[in-house]
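The values are calculated or read from the model by the stated rules, or taken from the named source; none is laboratory data. Model, not experiment: these values are computed from the prediction. So basically every Cβ, Gly included, is an ideal-geometry build from the backbone, and we count neighbours across all protein chains shown. All accessible areas refer to the heavy atoms of the entire protein, side chains included, with ligands and DNA or RNA removed. Shrake-Rupley method; radii C 1.70, N 1.55, O 1.52, S 1.80 Å.
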Amino acid sequence: QVQLVESGGGLMQPGGSLRLSCAASGNICNIYAMAWYHQAPGKQRELVARITSSGSTNDAGSVKGRFTISRDNAKNTVYLQMHSLNPEATAVYYCTADVLVAGGCYPVPYWGQGTQVTVSS
């Protein structure tokens, strides 16, 4: 019913910047909170940043000041702008959104398929 498609990942040198996008489509009535998670090899998936429908944000302390989450409600899209990338940022990045589908009773979390970010010289 709902699809989330991430884009913008790739290979980046340390110190570089990337912008990830995640567009939601389908039988959407409303989207509430949206978030980015990342999962490094051998590690658990962790929250990177979260944004509410009104634009309030919170992020992991490790990315504060370097990563910024934003969203365009008209496009059902969430972004993650990443600056000053370091090798520790290498991971698969997933977006998630709490979506109320048309005819639904309550919002349900949906996940994208993930996009690989690799930071290496």
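Structure notes:
- Test: residue in segment 43-54 that is in contact with a His (Cβ under 8 Å, 6 or more places away or on another chain), part of a loop (DSSP other than H, G, I, E, B) and either open to solvent by 60 Å² or more (accessible area, probe 1.4 Å) or on the phi > 0 side of the Ramachandran plot (or both): yes
- Those residues of segment 62-111 which are in contact (Cβ under 8 Å) with a residue 12 or more places away in the chain, in a loop (DSSP other than H, G, I, E, B), open to solvent by 10 Å² or more (accessible area, probe 1.4 Å) and closer than 22 Å to residue 44 by Cα, in sequence order: 66, 86, 90
- Picking from residues in segment 112-121 that are open to solvent by 40 Å² or more (accessible area, probe 1.4 Å) and not hydroxyl-bearing (Ser, Thr, Tyr), the one that is farthest from residue 26 (Cα to Cα) is 116.
- The selection criterion, being farther than 22 Å from residue 10 by Cβ, aliphatic (A, V, I, L, M), open to solvent by 80 Å² or more (accessible area, probe 1.4 Å) and at pLDDT 95 or above, does not hold for residue 33.
- Complete set of residues in segment 10-30 that are free of Cβ contacts under 8 Å to residues at least 60 places away in the same chain and either out of contact with any Phe, Trp or Tyr (no Cβ under 7 Å at 6 or more places or on another chain) or over 21 Å from residue 68 (Cβ atoms) (or both): 23, 25
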